[in-house]
Amino acid sequence: MKTLTLAAALALAASLSTAQAAQPAVEFTGTNSAFLDGNTRMIGWQFSVPAALQVTALGWFDWNLDGLARSHEIGIWESSTQTLVASLTVPAGTVAKLDGHFRWIDLATPVTLLPGTGYRIAGLDIGAGGDPHVWDNNIGLFNAQVNGLTVNAAVQLGSPGTALGGTASSFSFPGGPIGDARAALLGPNLAVTAVPEPGATLMLLCGWALLLALRCKARPAPSPGVRQPAVL
């Protein structure tokens, strides 16, 4: 009976933790090509959220899945106020975790984004010896560079023509859109999850508390007169 109860507690805690696992805002099944010129740019895209969500990590596109040539500073800003709400640097090489087509670094503390607010995600892309990026739609003689683009239902991607890619000398608020048919220059990405409901959070805490109590109860009591070794 104790084994069954312990297994149930483990299953409850695991299922509640998995339910809150973060997912990328955008992903795709493959790429046709990539682009890199000699300009330093703040590249990215605009988006909004239909319901409150948490951002848990930021990532940068890894063209050959073999590591980044440079580090990339990434930020999320409120569009109207230009307020920076989250930022970090994805390091060069293979230090950052590869998941899908992006290398990810967790935020120290998740950031909550709210509906009714426009956001911009962008990062500094140094053209000379930097990392190629990809885009979503055909423009002139250039085809879309990704296949099977999927946008997470928790995120509403900006309309065609709202991609960000203006030249910049340093990491800063990304200016106006580049103005063609593209909705996104996919260098930067964000990982999102739903804001935990109070009830779900309480259930998760209860599950872990039950697990801890059962583990403590399962420990055999020391025999009388037998000295137990100290736990270091």
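Between residue 34 and residue 79, the modelled label-to-label distance comes to 2.8 nm, taking each label 7 Å out from Cα in the direction of the beta carbon. Hydrodynamic analysis of region 23-126 uses the Kirkwood radius over alpha carbon pairs. Inserted into Stokes-Einstein at 37 °C and 0.692 mPa s, it gives a translational diffusion coefficient of 226 µm²/s. Distance between the C-alpha centers of region 65-92 and region 105-148? Whole Å please. Region 65-92 and region 105-148 have Cα centres spaced 9 Å from each other. Using a simple spin-label model with pseudo-atoms 7 Å out from Cα toward Cβ, residue 87 and residue 117 lie 1.6 nm apart.
Quick note: the coordinates plus some simple rules give every number you see, no bench work behind them. Being a predicted model, the structure only gives us computed values, none of them experimental. For neighbour counting, all protein chains shown are included, and Cβ atoms are generated from backbone atoms with ideal geometry for every residue, glycine included.
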